[in-house]
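A short reminder: the numbers here are calculations on the coordinates, not readings from a lab. These numbers were taken from a predicted model, which means no experiment stands behind them. Neighbour counts are summed over all protein chains in view; Cβ atoms, including those assigned to glycine, are modelled from backbone coordinates with ideal geometry.
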Amino acid sequence: AGVSVADVVARYRAAVDRANGVLDACADLGAPLPRPGGPGGAPSVRWALTHMIEETGRHAGHADILRELIDGSTGR
């Protein structure tokens, strides 16, 4: 409540720009991610990117289901 769609979109775009800047500065996708003393080794940047692609695809599929339930339209 109290947050406009434009604000949410602006925050999303700012997060994307920040992430792109971090990735542009990354010279080695095999490098471990910074991680405060958790058990086991830190995953690589490559692993994190792959995980994020999987999560984006999974949630895009969820959005398709919700849209179909709302208006009956289906994707491709």
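Relative contact order for the chain: what percent, with Cα pairs under 8 Å and sequence separation of 6 or more?
Here the relative contact order equals 15 percent.
Report the residue, chosen from 58, 13, 46, that carries the largest GNM mean-square fluctuation when the chain is represented by alpha-carbon nodes joined by springs under 10 Å. For the chain, modelled as a Gaussian network with Cα springs under 10 Å, the answer is 13.
A simple rule links phi to the HN-Hα coupling: the Karplus curve 6.51 cos²θ - 1.76 cosθ + 1.60 with θ = phi - 60°, which for the range 6-14 gives 4, 5, 4, 5, 5, 5, 4, 5, 5 Hz, with x for Gly and Pro. Across the chain, the volume of the C-alpha convex hull divided among the residues equals 177 Å³ per residue.
Taking the Cα centre of the chain as origin, work out the dipole magnitude from +1 charges on Lys and Arg Cβ and -1 charges on Asp and Glu Cβ, in debye rounded to 20.
Details: 8 positive and 9 negative charges, 27 e Å.
With only Lys, Arg, Asp and Glu charged at Cβ, the dipole is about 140 debye.
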